[in-house]
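Inspection log for the structure reproduced underneath, given as structure tokens.
The values are calculated or read from the model by the stated rules, or taken from the named source; none is laboratory data. All of these numbers come straight from a predicted model, not from anything done at the bench. Cβ atoms come from the backbone with ideal geometry, glycine included; neighbour counts cover every protein chain shown. Side chains are part of the model used for accessible areas, which takes the heavy atoms of the whole protein and leaves out ligands, DNA and RNA. Shrake-Rupley method; radii C 1.70, N 1.55, O 1.52, S 1.80 Å.
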Amino acid sequence: MTRPRLMIPGPIEFTDEVLDAMSQPTPGHVDPTFIPIFGQALRDLRSVFQAGEAYQPFILAGSGTLAMDSAVANLVEPGDRVLVLDTGYFSQRMADICRRYGGEVDVLSVAPGDTVTAAQLQARLDQASYRLVTITHVDTSTGVLTDVPDLTAAAKAAGSLVVVDGVCAAAGEEMWQEDWDVDIYLTASQKAVGVPPGLALLVASPAALAKWRERKAPVASYYSDWGLWLPVMQAYEGGRPAYFATPAVNLVMALGVSLRQILAEGMDRVFARHRLVGDAFQAGIASLGLGQVPTHRSHAAHTLSCPRYPQNVDATSLLPRVRAAGAILAGGLHPAIRNEYFRIGHMGAITRSDVLSTLGAVEAGLRGAGYAVEPGVALAAAQAVMEAAAD
Ligand code: PMP
């Protein structure tokens, strides 16, 4: 029997080429064969985030939370005012990390499923000035997509640095780090970047590096300190080995393969494919009569969907049945609405047949859980979206 497809919001299904790289014999981290692979991965990360030469990429062994920690530990000094735009669970995590490093944190919260508008942000910026504004590009607990260019423009005009958590968005949702003037864009390997869990990825702007250089207080985290990592990243990019702490060699090799695959497809095509897949899922879910957590289509993510359970269906009755029908999905995560919805991840090397097979499994699961669904309804709705785009 074939195994069910892993359709959660990370980790995701990885390409065969990426998995092959994971299973190669591990070279030493200063081996002459590894140095150019690491160097190219750093350059390619910049290209995937659409940032220029002056932007500094970091590839660290750790998860997405480490990427958040690295951004905040280096940019926030005790007493710095920080504004966290809160669109769900992971924005709250960012607020916690900022507090941990001594930030005076204000949180601009919206109801689960809503997004923060530039007007709401402007109203806050008119009242106080902030060293840092943090934005979650896609909050994985609500499926809400924020308008990063608009929010960033407002924050930058007010003199703040902008950190964007792109863990559930990078290499899926549109991002032009340099054109949009985002100071830190960060992610983890296991999502749309398409590499097994274990790498924290971030790219820092010249303004972010300048703020870090002007720090008065030392960076309170040892492992996250850019002062220890910067010489290592610069050395590998310059074709020389360097050591601070052992890199995750096989993961970096796999990242090299994945970033090449993404760039070979082209960023415009990668974003368009995710948009199409997101739209197809939205249409499929709507055709089943299910609501969704994002309160408006215009701010629904394209990397994951958050359908609401129909009446008398819950995680226990639905998710094991969907799994038996071929797709592993995730339950709710946002504490205020955890039992009201489930989550479907659709990012990375996702294909049209993944869309159809996953929706087929959702239909079968719903029927098994007692919700009347005519076979094929969601598939037809998704197919219509995908065929219209192909015309
Ligand atoms: N931010 C967002 C938006 C996420 O989705 C996640 C992980 N689901 C994280 C941060 C934390 O990443 P990790 O679990 O890799 O530490």
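Numbers for the structure displayed
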quantity	calculated
Proximal charge balance of VAL76 [Cβ under 10 Å; K/R count +1, D/E count -1]	+3
Carbon plus sulfur fraction of accessible area for the chain, probe 1.4 Å, in percent	53
Simple label model, 7 Å out from Cα along Cβ direction - GLN40 to SER221, nm	3.0
Only Lys, Arg (+1) and Asp, Glu (-1) charged, at Cβ; segment 16-265 dipole about Cα centre in debye	740
Summed residue charge, Cβ within 15 Å of GLY159's Cβ, Lys/Arg positive, Asp/Glu negative	0
Average Cα contact separation per residue, segment 35-113, under 8 Å, 6 or more apart, as relative contact order %	25
Exposed-site-free run, longest, the chain (rule: trypsin sites (Lys or Arg not before Pro); DSSP loop; at most 16 other C-beta within 10 Å)	1-214
Mean accessible surface per residue for segment 16-265, computed with a 1.4 Å probe while every protein chain stays in place, in Å²	36
Using a Förster distance of 56 Å, the FRET efficiency for ALA389-GLU214 (Cβ separation, nearest 0.05)	0.70
Sorted largest first, extent of the chain alpha carbons per principal axis (Å)	63, 55, 39
Max mean-square fluctuation residue, GNM over the chain, Cα-Cα springs under 10 Å, options GLN127, GLN92, GLN50	GLN127
Antiparallel bridges, percent of DSSP beta bridges restricted to segment 145-221 (to nearest 5)	60
Two-site FRET efficiency, LEU263 against ASN312, from Cβ-Cβ distance with R₀ of 45 Å, rounded to 0.05	0.45
Rounded to 5, the percent of DSSP beta bridges in the chain classed as antiparallel	50
Fluctuation leader among GLY238, GLY62, GLY103 - the chain, Gaussian network, Cα springs under 10 angstrom	GLY238
Net length gained if the chain between ALA380 and SER129 were fully extended (0.36 nm per residue, minus Cα distance)	85.3 nm
Part-to-part distance (alpha-carbon centres) for segment 215-248 and segment 20-97, which is given in Å	12
Over the chain, relative contact order from alpha-carbon pairs under 8 Å, at least 6 apart, %	24
